[in-house]
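Each remark here refers to the structure printed beneath this line.
The values are calculated or read from the model by the stated rules, or taken from the named source; none is laboratory data. Small disclaimer: the values here were computed from a predicted structure and weren't measured. No Cβ is skipped: glycine too gets one built from the backbone with ideal geometry, and neighbour counts run over all protein chains shown.
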Amino acid sequence: MSGSPTFSSIGVVRSSRTDVVDDDWDVETASIELLPPFDGRALRGLDSFSHCEVITLLDRATWDQAHMMRHPRGNSDWPEVGIFAQRAKDRPNPIGLTVCRILAIEGGVLTVGGLDVIDGTPVLDIKPWVAEFGPKGPVHQPAWMTQLMGGYW
């Protein structure tokens with residue numbers, strides 16, 4: 001494969017949150033409005049799942065080499081780690097991935113809970129969350145990540 005991949009938005013996020021604030025995302029209810037040619041047919045059957053994965057383009061994020069290693073959220077109490085050991089929005093490829101609760105589907109609009117992106121964010125794809133695709137075996141993470149996520153949802 002040569003060149004850069006290209007993607008087209010399948011939808012756009014509608015949310016009351018317009019500024020990136022790293023906590024309390026669970027109080028937000030966001031909707032994904034599908035864009036033509038996608039409509040309610042593309043969502044048919046998704047309501048039989050409790051959750052979905054939403055893949056977004058973090059179109060207002062920035063990247064430079066200074067982000068290669070950093071203290072998460074600039075907190076020097078946490079270790080300096082590489083970009084691939086954190087979920088910061090400023091990434092080499094600004095792609096977001098969130099598992100969301102499915103709250104409602106009306107026509108070509110999917111309403112979800114727990115989507116951590118701001119109003120107007122382009123949506124690249126939606127996939128049902130399937131338990132069998134979840135992690136196999138025990139899951140572990142460093143204590144600093146548990147602390148960071150304390151108020152996130």
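In table form, for the structure just shown:
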| quantity | calculated |
| --- | --- |
| From Ser31, Ser15, residue being of a type in the set (Gly, Ala, Ser), surrounded by 16 or more Cβ atoms within 10 Å (Cβ to Cβ) and closer than 11 Å to Asp116 by Cα | Ser15 |
| For Gly120: the one exception among (1) closer than 17 Å to Ile10 by Cα; (2) touching a Leu at 6+ places or on another chain (Cβ under 9 Å); (3) surrounded by fewer than 16 Cβ atoms within 10 Å (Cβ to Cβ) | (2) |
| Residue selected from the range 111-153 under the condition at pLDDT below 95 and β-branched (Val, Ile, Thr), by the criterion nearest to Cys52 (Cα to Cα) | Val117 |
| Given (1) touching a strand residue (DSSP E or B) at 6+ places or on another chain (Cβ under 8 Å); (2) more than 13 Å from Val117 (Cα to Cα); (3) part of a loop (DSSP other than H, G, I, E, B), index of the condition Cys52 fails | (3) |
| Meets criteria (in contact with a helix residue (DSSP H, G or I) (Cβ under 6 Å, 6 or more places away or on another chain), of a type outside the set (A, V, I, L, M) and surrounded by fewer than 14 Cβ atoms within 10 Å (Cβ to Cβ)) for Gly74 | no |
| Any chance Glu53 is of a type in the set (Asp, Glu), surrounded by 12 or more Cβ atoms within 10 Å (Cβ to Cβ) and either under 14 Å from the mean Cα position of the chain (by Cα) or on the phi > 0 side of the Ramachandran plot (or both) | yes |
| Given (1) surrounded by 14 or more Cβ atoms within 10 Å (Cβ to Cβ); (2) modelled with pLDDT under 95; (3) farther than 26 Å from Tyr152 by Cβ, number of the condition Ala42 does not satisfy | (2) |
| Residue list for the range 57-101, restricted to those being within 20 Å of Thr146 (Cα to Cα) and of a type in the set (Phe, Trp, Tyr) | Trp78, Phe84 |
| Qualifying residue in the range 3-13 (condition: touching a Phe, Trp or Tyr at 6+ places or on another chain (Cβ under 9 Å), of a type outside the set (A, V, I, L, M, F, W, C) and either more than 19 Å from Val123 (Cβ to Cβ) or outside any helix (DSSP H, G or I) (or both)) | yes |
| Criterion (under 22 Å from Gly113 (Cβ atoms) and either touching a Pro at 6+ places or on another chain (Cβ under 6 Å) or not aromatic (Phe, Trp, Tyr) (or both)) met by exactly one of Asp64, Asp39, Asp47 | Asp47 |
| All positions within the range 47-95 that are among the hydrophobic types (A, V, I, L, M, F, W, C), free of Cβ contacts under 8 Å to residues at least 60 places away in the same chain and more than 20 Å from Val21 (Cα to Cα) | Ala66, Met68, Met69, Val81, Phe84, Ala85 |
| Criterion violated by Phe133 - all others in (1) closer than 25 Å to Arg41 by Cα; (2) of a type in the set (A, V, I, L, M, F, W, C); (3) touching a residue at least 24 places away in the same chain (Cβ under 8 Å) satisfied | (3) |
| From the options Gly74, Gly120, residue that is within 22 Å of Trp25 (Cα to Cα), of a type in the set (Gly, Ala, Ser) and within 14 Å of the chain's Cα centre (by Cα) | Gly120 |
